Amino acid sequence: MEEAEIWSNFKQGSEKDFTFLYRKYAPVLFKYGCKLSPDRDLVKDCLQLVFFHIWQNREHLSTPVSVKNYLLKALRHEIIKKTHPKEKLQHLPDDYHDEVAVSYESELINFQSEENIKNKIARLMTQLPARQREVIFLKYYNNLSYEEIAGIMGIEQDSVYKLTYKALEKLHKLFVVVGIFLSVLPFR
């Protein structure tokens, strides 16, 4: 069944299709929400509110080009609404790595591991400003287009290009500092 048909059935009150949408997108939304806020309970609450609101307003919703992007944007908006103004999207959790003290030799061996490289990248990502991290997460972890990212973040597509460029440029510099082989980063 096509996504548009599932959305249409959901809009007509199909609990089965609503449940399908929830099960399909809730894990992706939760992961994205945890990148926006360190408060996992807040993310869970906002996720529930997004689905509650779309169920309550289903008859008035239009059919989005991408249900996933629509829900990502809705969750982002909900988290921003619920987050204290001074904390808005400032702290993104670093749940990708463990701080482990290892010898220089062990570190060299671990660099060969793809998983370790991913951990290093995740650690370096924490040094980016929140919006740059968000762009990188949407672009490279969710494979979204610049246009889709602009829609989700509520900014111009040119701004997405600039944020992506600045993030990749900063990551490139950080990679040089820690000595990670640069070919692992899609920097152009």
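Values quoted throughout were computed directly from the atomic coordinates according to the rules given, and no laboratory measurement underlies them. Fair warning: this is a prediction, and the values are worked out from it, not measured in the lab. Cβ: placed from backbone, ideal geometry, glycine included. Neighbour counts: every protein chain shown.
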**Item:** Distance (nanometres) between label positions extended 7 Å along Cα→Cβ at residue 62 and residue 123
**Value:** 4.7 nm
**Message:** Quick check on segment 1-80: what does the Kirkwood estimate of hydrodynamic radius come out to from the alpha carbon pairs, in Å?
**Reply:** 12.7 Å
**Message:** For the pairs 68/166; 44/82; 73/139; 35/81; 16/73, flag any whose C-alpha to C-alpha distance is greater than 21 Å.
**Reply:** 68/166; 16/73
**Request:** Would you mind calculating the gained length between residue 142 and residue 40 on full extension (0.36 nm times residue separation, minus the Cα-Cα distance), in nm to one decimal?
**Result:** 34.7 nm
**Prompt:** Which parts of segment 23-48 would a label at residue 1 reach, counting a residue when its backbone N lies under 14 Å from a point 7 Å out along Cα-to-Cβ?
**Reply:** 23-24
**Request:** Would you mind getting me the FRET efficiency between residue 24 and residue 131? Use the beta-carbon distance for r and R0 = 35 Å, nearest 0.05.
**Result:** 0.85
**Projected label distance in nm at residue 157 and residue 8, using a 7 Å step from Cα toward the beta-carbon** = 2.8 nm
